[in-house]
Amino acid sequence: MYEMHVGIAPRDGVFVWHVAAMGTATALCGQSLHEEPLEERERTDRHCTPCMSSFQELMNDRH
C-alpha cells in the first residue's frame, strides 16, 4: 500500500504531494520525507511528477 505526503519538490522547492510506501520515510522519487506543517498540506494541490510516474509504473506492473 502507498500513502501521500506533502514535501518539497526536488527541482523547484515548492510543496507537492509525494507518494511513499506505507511506513517509509522516503518518497518514490527518492526525496526524504519530513512532517510538514498542516497549512502546507492544506494549501497545495500539486503532485510530484517523478513520484506519480513511479507509482503509475508500479500499478501497471501489478496487472
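The values are calculated or read from the model by the stated rules, or taken from the named source; none is laboratory data. Because the structure is a prediction, the values reported are computed rather than measured. Please note: Cβ atoms are built from the backbone with ideal geometry, for glycine as well, and neighbour counts cover all protein chains shown.
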Q: Report yes if M52 is closer than 13 Å to E3 by Cα, of a type in the set (A, V, I, L, M, F, W, C) and modelled with pLDDT of 80 or more, otherwise no.
A: yes
Q: Could you give me the residue pairs with C-beta distances under 7 Å whose first residue belongs to region 7-20 and is modelled with pLDDT of 90 or more, whose second residue is among the polar types (S, T, N, Q) and in a strand (DSSP E or B) wherever it lies, and which are 6+ apart or on separate chains?
A: A20/T26
Q | Single residue of region 21-43 satisfying the filter (crowded, with 16+ Cβ neighbours inside 10 Å and more than 12 Å from M4 (Cα to Cα)) that is modelled with the lowest pLDDT | A | Q31
